[in-house]
Structure formats: C-alpha cells, structure tokens
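What follows is a set of notes on a single structure, which appears directly below.
The values are calculated or read from the model by the stated rules, or taken from the named source; none is laboratory data. Bear in mind that the values here come from a model prediction, so they are computed numbers and not experimental data. Virtual Cβ from ideal backbone geometry, glycine too; neighbours counted across all protein chains shown. Just so you know, the surface numbers come from the protein's heavy atoms only, side chains and all, with ligands and any DNA or RNA stripped out. Shrake-Rupley method; radii C 1.70, N 1.55, O 1.52, S 1.80 Å.
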Amino acid sequence: MLSIGQNTLQFLVSAGIMLYLLFFLFRDGRTLGQLIRTTIPLSDEYTSKLIEKFTAVVRSTVKGNVIIAIVQGAIGGVAFWALGIEAALLWGVMMAFLSLLPAIGSAIVWVPVAAYLLLSGAYVKGVILVFVGVVV
C-alpha cells in the first residue's frame, strides 16, 4: 500500500509539473525558442541544421506513436469483435487512445477483459485475448 501511495503521489506531482510547464511553453514558446536559438554556442548554419533535425525527429516520433496507437486499437477492436465481446468498437477506440500511454496503455483495457473471461470459465477466449494482447 505504501508503494502504491508513493507511486500515485509521484504521478500526481509529475502531472502537475507537466501542466505547469505546458502553460508557460504554450504562452511563451516562441520567445523561448528564439532565446534558445540565440544562446546555442554554434554558428547559425549548425543551429538551423540542429533545430531542423530535432523537429524532424519529434514529428516522426509523434506520428509513429499515433500510427501504432491506431493499429493497436484496430487489432484490439477486431479481437474483441471476433471473441463476441460487446461494444468492441468502443473498446478498440479506448485501446487506441490509451495505447499512447507508454508500456501499460492498451493493457488497461484488455487485461481486465481477459481476466473476466478466464475467471468466468471462457478459458479459450481468455487465452486468445491474452495472446493477442501480449504477442500481437
């Protein structure tokens, strides 16, 4: 219980700091960007190249995460539909949104469903869902 409390508190503090920083980045982002560009101890040519590469990497990472989230949601929705779980489209969309969370995102949806299937005696469906969630 102590560990859960500590992790919850750490998450809440981190989320609060993130929101605080996001406020100032949205409000003063252009000014901070210009300040960073002028204070980098490189020539203007190297600074421009560095910023272009950084921008390309960030955009590619975000696009890749969104594409992976859509694919995970689609696979989860199809698996739920094939297993006869009601509201498969809803659960697939939820998996797509939650899979943007690192490591545990889509598992927030499919693990409880798999546990329910296994505990209710639908062993084959539960094992299939666990296989799809873990391997696929």
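Worth a mention:
- Computed lengthening from I104 to V134, 0.36 nm per intervening residue step minus Cα-Cα distance: 9.7 nm
- Carbon and sulfur %, accessible surface of the chain computed with the full protein complex present, 1.4 Å: 74
- Among complete DSSP H helices in the chain, those whose alpha-carbon atoms stretch at least 20 Å along the helix's long axis and whose mean Kyte-Doolittle hydropathy reaches -0.5 are 2-39, 44-82.
- A straight chain from I17 to A56 at 0.36 nm per residue would run longer than the Cα-Cα distance by 11.4 nm.
- Placing +1 on the Cβ of every Lys and Arg and -1 on the Cβ of every Asp and Glu, with no other charges, gives region 22-93 a dipole of roughly 160 debye about its Cα centre.
- Positive end of the dipole of the chain (Cβ unit charges, origin at the Cα centre): among S120, I108, L50, the Cα lying farthest that way belongs to L50.
- Think of each Lys and Arg Cβ as +1 and each Asp and Glu Cβ as -1; about the Cα centre, that makes the dipole of the chain roughly 140 debye.
- Å² per residue, accessible surface of the chain at 1.4 Å: 78
- Across the options N7, G73, V62, the greatest Cα extent toward the positive end of the charge dipole of the chain (unit charges at beta carbon of Lys, Arg, Asp, Glu) belongs to V62.
- Taking 0.36 nm per residue of separation and subtracting the Cα-Cα distance, full extension of the segment from I4 to V66 would add 19.4 nm.
- For region 9-101, GluC sites (Glu not before Pro) meeting the loop criterion (DSSP other than H, G, I, E, B) and having at most 13 other Cβ atoms within 10 Å: E86.
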